[in-house]
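**Student:** Structure incoming, see below.
The values are calculated or read from the model by the stated rules, or taken from the named source; none is laboratory data. Here the structure is a predicted model, which means the values were calculated and not measured. Every residue, glycine among them, receives a Cβ derived from its backbone with ideal geometry; neighbour counts consider all protein chains shown. These accessible areas exclude ligands, DNA and RNA; they are computed on the full protein's heavy atoms, side chains included. Shrake-Rupley method; radii C 1.70, N 1.55, O 1.52, S 1.80 Å.
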Amino acid sequence: GAGRGMTGLVVAGAAGAALGNATPSAKKVKLVLVEKSGTRANAETSIRNAEGNGSKEDCLRLDLVDVTRIKCDLAHVNMSTALPSQLRSHSSKIVVIAKHLCGAGTDLALKSLCNIGAIDGCVMATCCHGMCSWAEYVGRNCMLRLFCGEIGGLSTFGEKEFNLLRRWTSASVLGDTPKPNSKTNGNERKEEHTVGGDEEEKGRYSNTHMFTVVKELGLVCGSKGLGRACQRLIDYGRGDFLRKKF
């Protein structure tokens, strides 16, 4: 979810400054945060501290921001009823932003927007593509058109193929050559961005290892290029979902 909400705070503050300079009597910017758990040192604290301290010279007008925090999981929130009544009017402009919305979290966020009716902008910095899931992925119809149409030529595309695609995304942060003799120090910090999957799943895809695919196909882009392409393909499906819904 929104976490501390500092990205939204900066955007709302900048919008408040622009509106305040253009129209002195402008209404406050409504900042709505969706997060299932509470956090410390959050956006609400910064806004309370800024009350009555704004001026026209400020590039961020936090005094012109009203914040509402919705404590709910993205998988369960109904944005059409959770949004403040002012934002449900046709005169309001709604912009959606998200940073570090890991894996399927991006898809859950996109699904939560479907009941709003219309949005004026959407910017999401996606990450952790290896943690996506076919069940929650919003671009399934797009993948079917791409891979089972004239371009892909496959007879089917489903969870098995998608799991392979998401596993390949991890190559974007790996080197272009495998290191079979490298060992992980048990005292090292566990990486946050990891790819899910048990031993059975890993064995199932052993004959399609990313380094093997890169070598056999002679991909000039290398394993990093393959991983990045898979990430962009997953996000392309999400973009297709947005274009068709809004």
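**Student:** Rounded to the nearest 0.05, what FRET efficiency is calculated for ASP120 and SER155 with R0 set to 30 Å and r the Cβ-Cβ distance?
**Tutor:** Values: r = 40 Å, r/R0 = 1.35.
Efficiency for this residue pair is about 0.15.
**Student:** Beyond a 29 Å Cα-Cα separation, which of these cross-linked pairs lie in this structure: LYS71/LYS160; LYS215/LYS244; LYS93/LYS160; LYS36/LYS93; LYS30/LYS224? Show your work: numbers first, answer last.
**Tutor:** Details: LYS71/LYS160 34 Å; LYS215/LYS244 37 Å; LYS93/LYS160 40 Å; LYS36/LYS93 25 Å; LYS30/LYS224 40 Å.
Flagged as over cut-off: LYS71/LYS160; LYS215/LYS244; LYS93/LYS160; LYS30/LYS224.
**Student:** Label points 7 Å out from Cα along the Cβ direction at LYS244 and HIS76: separation in nm?
**Tutor:** Going by the 7 Å Cα→Cβ label model, 2.9 nm.
**Student:** Still on this structure, please answer the following. According to the square roots a ≥ b ≥ c of the eigenvalues of the Cα gyration tensor, what is the shape class of the range 60-168, taking rounded for a/c under 1.5, prolate for a/b larger than b/c otherwise, and oblate for the remainder? The partial results should precede the final answer.
**Tutor:** Working: a/c = 2.59, a/b = 2.14, b/c = 1.21.
Note, shape of the range 60-168 comes out prolate.
**Student:** OK, next. Once you have the Cα-Cα distance between GLU216 and ALA18, take 0.36 nm times their residue separation minus that, and quote the gain in nm to one decimal.
**Tutor:** Values: separation 198, 0.36 × 198 = 71.28 nm, distance 5.43 nm.
Here the answer is 65.8 nm.
**Student:** Still on this structure, please answer the following. For a quick check: with amide H placed at 1.01 Å from N, whose amide H comes under 5 Å from ARG69's, ignoring anything fewer than 5 positions away on the same chain?
**Tutor:** The answer is LEU33.
**Student:** Run the 1.4 Å probe and let me know the accessible area of PHE241, rounded to the nearest 10 Å².
**Tutor:** The value for PHE241 is about 30 Å².
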